[in-house]
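Notes follow the structure.
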Amino acid sequence: KAGVTQTPRYLIKTRGQQVTLSCSPISGHRSVSWYQQTPGQGLQFLFEYFSETQRNKGNFPGRFSGRQFSNSRSEMNVSTLELGDSALYLCASSLAFYGYTFGSGTRLTVV
Amino acid sequence: ELKVEQNPLFLSMQEEKNYTIYCNYSTTSDRLYWYRQDPGKSLESLFVLLSNGAVKQEGRLMASLDTKARLSTLHITAAVHDLSATYFCGETSGSRLTFGEGTQLTVNP
C-alpha cells in the first residue's frame, strides 16, 4: 500500500517569504504529525492533527501553523521565514499510536 | 516535559562485534519506538515496544523495554557495515512523539 507522501521534496525560499508543505498519510490513518529536524536541535515535534483537530502542539512560534482536511491530508505553513527555519520537515501518519510511519520529508532551505 | 536520552551519541564499531545503545526516558509511557535514519533520508521504523519486558528482534538488532527502569536497549549482534546509520529512540505522551538525540553508528571493516 502507498506510504506517506510529502510534497515538495526540496524547496528554496527567501527570508520573509512563506511556505506551505503538504503531507498525505497512509490510507485509513487519521493522525498526522509534523517534525522539524536540524543538526543543532535534532528532531522536534511541531504539531499533531486527528480528524481535522489539532490535538497537540510543540514549542514553536506562531509562525508555524498547520491544518488537516477531511481526507486526512495535512498541510503546514511557515510564515515570515527565517534562516533558522532551514531544516528537514518530516510528516508521520499513525493508526492509534501503534507506530508512526514517516514520509520522505521536505528539505527547506531559506536564503 | 518529556526527556529522552540516548547513549552513546557516537559509536564506532568493528564488524562482527556486539554493542548496545541505551535509551532512558522520562515518563511512565509504556510505548517506546526505535527508528533508523540513513544520511539525507527519512526515518525507518525498526521496533515498537508496547509493554514492560517486551523484546523484539529483527536480524542483527534486538530491542527490549524495561518500564520500571524507564530504559530501552538496542542490541547489535555481529555488526556489519550495512548497519551504519543514526538510530533514534522515542517515547509518546498522548499523541506527541519525543525523540532522543540519536546515536550515530559507524561500522568499520
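Here, each number is a calculation from the coordinates, and none is a lab measurement. Keep in mind the model is a prediction, meaning the values are calculated, not measured. Note that we place each Cβ from the backbone using ideal geometry, even for glycine, and neighbour counts take in every protein chain shown.
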> Once the Cα gyration tensor of the protein assembly as shown is found, what semi-axes does its equivalent ellipsoid get, as square roots of 5 times the eigenvalues, in whole Å, sorted largest first?
Replying inline: 30, 20, 16
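Just add up the charged neighbours of residue A:66: K/R +1, D/E -1, any other residue whose Cβ is under 10 Å from the Cβ of residue A:66.
0
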>> Kirkwood hydrodynamic radius, chain B, all distinct C-alpha pairs: what's the number in Å?
In response: 13.8 Å
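Any chance you could run the full-extension gain for residue B:73 through residue B:12? It's 0.36 nm times the residue separation minus the Cα-Cα distance, nm to one decimal.
Residue separation times 0.36 nm, minus the Cα-Cα distance, leaves 20.2 nm.
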> Taking the Cα-to-Cβ direction at residue B:20 and at residue A:73 and moving 7 Å from each Cα, how far apart do the two end points lie in nm?
Replying inline: 4.7 nm
>> Which of rounded, prolate or oblate describes chain A when judged by the alpha-carbon gyration tensor and an a/c cut-off of 1.5?
In response: prolate
> Which log10 I(q)/I(0) values, to two decimals, does the stretch A:41-83 give at q = 0.16, 0.26, 0.30 Å⁻¹ under the Debye formula with one point per Cα?
Replying inline: -0.45, -0.98, -1.13
> Label point 7 Å out from residue A:109 along Cα-to-Cβ: which residues of the stretch A:1-35 have amide N under 17 Å?
Replying inline: A:8-17
